[in-house]
Every structure is written in structure tokens, then in C-alpha cells.
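My questions all concern the structure below.
The values are calculated or read from the model by the stated rules, or taken from the named source; none is laboratory data. Computed from a predicted structure; not experimentally measured. Note: ideal-geometry Cβ built from the backbone for every residue, glycine included; neighbour counts use all protein chains shown. Calculation scope for accessible area: heavy atoms of the full protein, side chains included, ligands and nucleic acids excluded. Shrake-Rupley method; radii C 1.70, N 1.55, O 1.52, S 1.80 Å.
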Amino acid sequence: MKKKLSLTVTKLTCKRNSISIFNPLSFKVSEGQMLIIKGKNGRGKTTLIHCLAGLLSYQGLVKWKGVEGKIGYIGHKFGLKEYETVYDFIKFWKAVYDSKVSIDEVVEFFSLFNVLFSPIAFLSFGQKKKLTFVRLYFFNNNVWLLDEPFSGMDDNNRELIVNMIESHISNKGMVVLSTHEKGRILNIKNTKELVIE
Amino acid sequence: MNNLFYIILKKDFKDNLLSNKAWFTISFFLLCLIIFPLAFGSSQYLELNVSISAIWISTLFANLIALDHMYKEDYNDGTLLYYIVNKVPLVIVVYAKCLSHWLFSGLPIILIAPLCSYIFSGYSENNLNLFISLILATPIFTLIGSPIAALMLGSSLRGAALTFITLPFYLPIIIFGVMGTNINNSNINAEFYLLLAILSIGIIFFPMITVKILKSIIN
Amino acid sequence: MLRKLHKYANPNKFSLIIMPIKNVCLYTALPLIAIGLIIGLFFSPPDYQQGETVRIMYIHVSSAWISLFAYVLIFLLSVFYLIWKFPLFVLMAKEIPFVAIIFTLITLITGSLWGKPTWGTYWVWDARLTSFLILLFIYLGLIFIDKAFKYNVNGDLSFSYLSIIGAINIPIIKFSVDWWNTLHQPASVIRASGPSINIEMLIPLMIMSTGVLLLFFYLIFTNIQSAIAEKKILFLSSKD
């Protein structure tokens, strides 16, 4: 039997330089749900996401249940090499993840025809950011941790990513997303909000 | 597993070629080698027969300089972060990185050093010894350097401090390497066995500790 | 056991605890060093081979032991830090190299002064001397790595991993006199078959080493206290 996907966090704190960054947090996210982490700069949104990804050591409990495969992650750093071409980048990560998704499909989905063979250094910030989402597309994971996915994106790209997230949620995935934008961005019913004070 | 190793090795190889760092190490080696006859005065260089020492010192510095960009790029642009979050086995990444580092900073030196020694000094008796001890020593340079290069990630003083910190650890290798090159009696090769022992321990130990370091240091 | 220790891992408490210990260390170290020096320099017998120059030993050997002991201490503290993640351990470990490097320098300088009359030269590239010089550079490297990572959490980890890698050097130093044919004399006190040194020389050496050890502890405790205070100031200033 497949376990239901859920994330339970109890009394999570993280210390850096022996100063705890946020007050103890407790929340629960389940299958098909999206968690939006809101808060001002310097309140530890990125730190929280890194804790959830297991990159930082923390105090408290973070319990994942039913995670299939790897955790998808988008961070501030893109993981792109300036001198690489877009095609090489896609090919490399396809090989690393041993993915069955074809390159053509990715190129079509992200509409990368025009830039496919140009070095990544020539791309704009938004285009680079879009490329990082290629990693999420490649492997079949049900948890996404997105750190400010909308910053520096134009309307078209934003729509693309919103579509990606929406279809992911409807496929019984889970998304944890941090943003400092106000108002509703996504048209998803099953949304939780967590404001870090 | 093997497939992943091959993919990452290929990518690293390509990165080295594309970012034009590959030729830097070997060029530095040659440049460093040329300094010695100039510093000694060419007649004294031949008399003292310092070509072996010159080759060892040049190898040392070429390796030290190449160390800096072993993990730097992948750390700065976040590729390592994605490897770790997506549970790509870091052991494979580290071994691939070490191998590609050695291919660019060890192998060319091994191939070119006996020739250089002959051209500069006209003396070819020690060439086989030099060749063997370089084959044993350059992988050790790479392996010792890898955890220390990983340690210095995220530091502002990286380049200078890295050179200073790594150098003491290279000294024993240099000592045994030079001793191994200069042996006259070819029946006793204790230094080679010692280097081989260090290499065979190091090939397990150093990548392992590098993985530990990379995992804990990524933030 | 660990629970109990946990209470003392609080830097403030630790700072209070080491205060009296520090003073005890200082006030026992100074008389011990004085007694050791007086016995060593005036009352102990001269060596039948080396004559009066053997008296350098009382400083040379004791500071050499301390330099090695300091590294072992750094190594253990770093391992504990990596296992239990108490920041206090690495805070203590980080303060040791500054003190230890002085003892290492004393060892090297007195050693070369001793070498001139007995070996006829200040410096020889034999295994013991070279490995001890490498120890000096490893201490320098540890200090540098601490400086290179100011205000960065990674500095603690880097420091402890580097000290673990550098620990390879310690057995090499200890056994270099047995493994290679060196000019440096083999160990005569700490060895498997018991000390071979004359008891009249051993007593002042032991007094001297205890005194220097206590002095070393006094110095590192002082350093640790100031490091804790520094950390406290940093903590207060970073709070809103």
C-alpha cells in the first residue's frame, strides 16, 4: 500500500552562530496541499526551506512520510555554468537523474527553441531561473521546495510556473513555497499560509 | 553507479576544457621549470643537477594552483547544492572530480616530466624512477588536496590560505618522491612502497572525508 | 553522564567554572617551573657524553611534549565537536593553536641551540626535526583557517576537519626516531620498556613538565575566557 504523503514539523528551530533564527515552528502539510511561507527579509524563509531539505542541522522534528524519489528544490543559486549551452545543461541533468523524459518535450514545454544552442551566459536572469525548473520537470518526485520561485520572472514565465505548480498539486504532489509577495498568486484552493514573525 | 561516474567525469572534463582552466596547470608547470635554470645560472644548473628537484617543485606548485578551482565553481553556482538535495551520491562526484583534476594536473606532468628532465639536464639515468615516483605521487597530491579544497569553500581568503594550508601536507610526499627518484641502487625501492601505501590508504580515506566535509559545509 | 556534562557546556557557566581552576593552574605552575629549573640547572648531574649542555633538555623536552599534547587535545575536541555539535568544544579547540605554536617554536629554537654543541650544526633535515617543523606549519594553518572564516559558521567545521586531517602527523613525529635512522636521539622516557633516563634527571624533568603543562592550561583557559566574552559581545550586538 502506498503511504499518503505528508510533512509534519514540530517545534523546529535553527541556530546559526548560536542565535536561533526563528521561533519554534509547528505545522503540517499533506498531500495535494501547498504551503506558502511568508515573511519579511531576514526572518528565515530560506533557512526554513534549507532545514526541510535537510541541508542544515536543526532542533525539533521534521517528519516526511511517503516521499517518492528525490525532493525537488529550487534555490537562490541556479547551478548553471556560464559557458555551457542550454542543450548541454538539459542533457547533463537528464543523464544525472536517469530520466525518461525526452529532451524535445522539455524544450517544447519551456519554449527554449531560440536559445537552445547559446551559452547560458547570454541568457537573461528570468531565462536562467526558468532553466532551473527543468530539473523539477525531469524526475518524478512528489515534493517540491521552491525558494522565491517568482522573483525576476516576467508574466509569461510566471504563468508557465504557475501552471507547473497547479498540475503538480492536482497530481497529489506537495509544494512548499516561500515568497515575500502580497496577495494571492496562485489559484489553488488547498493552500496553507505560514507567516514567520 | 558507473554510468553516473562516467557522466559527471565527462561533464567535468568538458567544463575544464570550456572554461580554459585545463591548460593553465601544465603551462604553469613549464613556466616554473624554466625559472630554475634562470635562477641558478645555466652552468650551475647543470653542475648541481637540480633538474629533478626543479621538476618536483614545479609539480608541487602546479598542483597547488590547480587545487583552488576543484570544487569552487560547483560550490559558487550551487550545483553541489542540487547534487546534495537531489541525493546524487557525493562519493561518485568526489571521485569523478579527483580523477578529472588528476587528468589535467597530474597526467600531463607525468608524461612531460622525463622529457623535460632530459632536455634541461641531458641526464637520463633517473628517468624511469622519476616517472614511477610521479605516477605514485601526483594522485596523492590530488587526493590530499581534495578535502582541503573542500574545507576552504566559502572563505573569503581562499586562494592564499589554501596554498599555505595544503603545503605542509605535501611535504612528506615531496620528501619520499625525491628520495625515490634519486636512489642509485635499484634493488631497494622502499620509497616507492611507502608512496604506494600512502596512495592506497589515501584513495579510500581522503574522498571519504571530502564527502563528509562537502555535506556539512554546503551552507 | 552526558546530561550532567550538558549543564557545563553552557559557555557562561563554563567561564565561571574555569575561573578558579585557571588561578590554581597559574599559582602552582610558577613555583613548579622555578623548582624544576633550579634543580635542573644547578643540582642535576651533567651527562657523561654531552656535559653541561644536557640541561637544555629540561626546557626542550617539556615544551616538545606540550606541543604534541596540545595537538592531541585539539584533535579530541574537534572529534567531540563533530560528534556532539557543542559549540563550546570547537571554541576551546580554536584557542589552543595560538598557545601551542609558542611552545613549538620554543622546542625548535632550544633544539637547534642544543644541536650546535652536540651535532655541530643548528639544523639537520632528519625525520624528527622535519616532522616537527611540519607541526609548526600545521598550527599556522589552523590559525589561518580560523582567521579566513571570520563570522562564518563553516569556520568551525573547517577547523575541526583540518585538525583531524593534520593529526596524521602526530604518530609520525612520535615514532620518526624509531622508524628512520635519525640524528635525533630515540625516546628515553615514554617508551614501552620503561624510562632509560637517569632518575636524577627524570625528577626535575617531570617537575618541569608538570609546571609547563599547568602553565599551558592557564594560558588556554585565559584565551577561552576571552573568546567566550568576545562571542557574547557579538551575540548581544547582533540582537535587535
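Once you've got the Cα coordinates, tell me which of A:Lys15/C:Lys94; A:Lys63/C:Lys13; A:Lys77/B:Lys11 are over 29 Å apart.
A:Lys63/C:Lys13
If I take every Cα pair under 8 Å that is 6 or more residues apart in segment A:81-140, average their sequence separation and divide by the length, what percent do I get for the relative contact order? Working shown, then result.
Details: 47 pairs, mean separation 30.2, N = 60.
Computed over segment A:81-140, the figure is 50 percent.
Do any of B:Lys21/B:Lys212; A:Lys192/B:Lys215; A:Lys91/A:Lys128; A:Lys94/B:Lys10 go past 21 Å between their Cα atoms, and which?
Details: B:Lys21/B:Lys212 27 Å; A:Lys192/B:Lys215 31 Å; A:Lys91/A:Lys128 16 Å; A:Lys94/B:Lys10 14 Å.
Where the Cα-Cα span goes over 21 Å, the pairs concerned are B:Lys21/B:Lys212; A:Lys192/B:Lys215.
To the nearest 500 deg cm²/dmol, what mean residue ellipticity at 222 nm is calculated for chain B from DSSP H runs of n ≥ 4 alone, each contributing -39,500 (n - 2.57), summed and divided by the residues? List each step's numbers first, then the result.
On the way: 11 runs with 181 residues, N = 219.
It comes out at -27500 deg cm²/dmol, rounded to the nearest 500.
Nearest 10 degrees, 0 to 90: what angle lies between the long axis of helix A:155-170 and the longest principal axis of chain A (Cα atoms)?
Orientation of helix A:155-170: about 60 degrees from the principal axis.
Sticking with this one: Among rounded, prolate and oblate, which fits the protein assembly as shown when a ≥ b ≥ c are the square roots of the eigenvalues of its C-alpha gyration tensor, a/c under 1.5 means rounded, and a/b larger than b/c means prolate?
Oblate, because a/c is 1.5 or more while a/b does not exceed b/c.
Among all the aspartates and glutamates, which ones have a C-alpha under 14 Å from C:Lys85's C-alpha, if same-chain residues fewer than 8 places away are not counted?
Hits, sequence-local ones excluded: C:Asp156.
Another question about this same structure. Can you pull the one-decimal nm distance between simple spin-label points at A:Ser57 and A:Glu82, each 7 Å off the Cα toward Cβ?
For the pair A:Ser57/A:Glu82, the computed spacing is 3.5 nm.
Filter the trypsin sites (Lys or Arg not before Pro) in segment B:27-107 to those in DSSP coil with at most 15 other Cβ atoms within 10 Å of their Cβ, and list the result. If you can, show how the numbers build up before the last one.
Numbers: sites: B:Lys72, B:Lys87, B:Lys97; in loops: B:Lys87.
Passing both the DSSP loop test and the Cβ count: B:Lys87.
To the nearest 500 deg cm²/dmol, what mean residue ellipticity at 222 nm is calculated for chain C from DSSP H runs of n ≥ 4 alone, each contributing -39,500 (n - 2.57), summed and divided by the residues?
Details: 8 runs with 182 residues, N = 240.
Mean residue ellipticity, 222 nm, calculated: -26500 deg cm²/dmol.
Please identify the GluC sites (Glu not before Pro) of segment A:36-86 that satisfy two criteria: DSSP loop assignment and at most 15 other Cβ atoms within 10 Å. Which are they? All intermediate terms of the calculation are to be shown ahead of the outcome.
Details: sites: A:Glu68, A:Glu82, A:Glu84; in loops: A:Glu68, A:Glu82, A:Glu84.
Taking segment A:36-86 and a limit of 15 other Cβ atoms within 10 Å, the loop GluC sites (Glu not before Pro) found are A:Glu68, A:Glu82.
Run the reach check for A:Lys4 against aspartates and glutamates, Cα to Cα strictly under 12 Å, same-chain hits fewer than 8 apart removed. What comes back?
A:Glu31, A:Glu68
Let me ask something else about it. Restricting to DSSP loop positions (anything but H, G, I, E, B) with no more than 16 other Cβ atoms inside 10 Å of their own Cβ, which chymotrypsin sites (Phe, Trp or Tyr not before Pro) remain in segment A:1-91?
Numbers: sites: A:Phe22, A:Phe27, A:Tyr58, A:Trp64, A:Tyr73, A:Phe78, A:Tyr83, A:Tyr87, A:Phe89; in loops: A:Phe22, A:Tyr58, A:Phe78, A:Tyr83.
When the chymotrypsin sites (Phe, Trp or Tyr not before Pro) of segment A:1-91 are filtered for loop state and at most 16 Cβ neighbours within 10 Å, A:Tyr83 remain.
So, one more: Which shape class applies to segment A:100-187: rounded if a/c is under 1.5, otherwise prolate when a/b exceeds b/c and oblate if not, where a ≥ b ≥ c are the square roots of the Cα gyration tensor eigenvalues? Each step should come with its number before you reach the end.
Details: a/c = 2.03, a/b = 1.25, b/c = 1.63.
Judged from the Cα gyration tensor, segment A:100-187 comes out oblate (a/c at least 1.5, b/c at or above a/b).
Further question: Compute the Rg to Rh ratio over segment B:2-218 from the alpha carbon atoms, using the Kirkwood formula for Rh, and round to two decimal places. Intermediate results must be reported in sequence, preceding the final value.
Working: Rg = 18.0 Å, Rh = 18.0 Å.
With Rg and the Kirkwood Rh in hand, the quotient comes to 1.00.
What total accessible area, in Å², is buried where chains A and C meet, using a 1.4 Å probe and rounding to the nearest 100?
Chains A and C together bury roughly 400 Å² of accessible area.
Given Cα pairs under 8 Å that are at least 6 residues apart, what percent is the relative contact order of chain C? Show your work: numbers first, answer last.
On the way: 244 pairs, mean separation 83.0, N = 240.
It comes to 35 percent, rounded to a whole number.
A further question on this structure: For every helix of n ≥ 4 consecutive DSSP H residues, a contribution of -39,500 (n - 2.57) applies; sum these over chain A, divide by its total residues, and give [θ] at 222 nm rounded to the nearest 500 deg cm²/dmol. Please list the in-between numbers first.
Working: 5 runs with 58 residues, N = 197.
One gets -9000 deg cm²/dmol as the mean residue ellipticity at 222 nm.
Hey, got the Cα dimensions of segment B:48-134 along the principal axes, in Å, largest first?
Reported extents, whole Å, longest axis first: 55, 20, 13.
How large, in percent, is the carbon and sulfur part of the accessible surface of chain C at a probe radius of 1.4 Å? Kindly include the intermediate steps, with their values, before the conclusion.
Numbers: 8700 of 12280 Å².
Summing carbon and sulfur atoms, their accessible area is 71 percent of the total for chain C.
Once you've got the GNM for chain B with C-alpha springs shorter than 10 Å, pick whichever of B:Ser156, B:Ser200, B:Ser105 has the biggest mean-square fluctuation.
Fluctuation is largest for B:Ser156.
Using the Karplus curve 6.51 cos²θ - 1.76 cosθ + 1.60 with θ = phi - 60°, what ³J(HN,Hα) values do you get for each residue of segment A:21-26, in whole Hz, with x for Gly and Pro?
Along segment A:21-26, the couplings run 7, 10, 5, x, 10, 9 Hz.
So, one more: For segment B:124-210, what is the relative contact order in percent, using Cα pairs closer than 8 Å and at least 6 residues apart in sequence? Don't skip to the end; give the middle numbers.
Numbers: 70 pairs, mean separation 40.4, N = 87.
Over segment B:124-210, the number comes to 46 percent.
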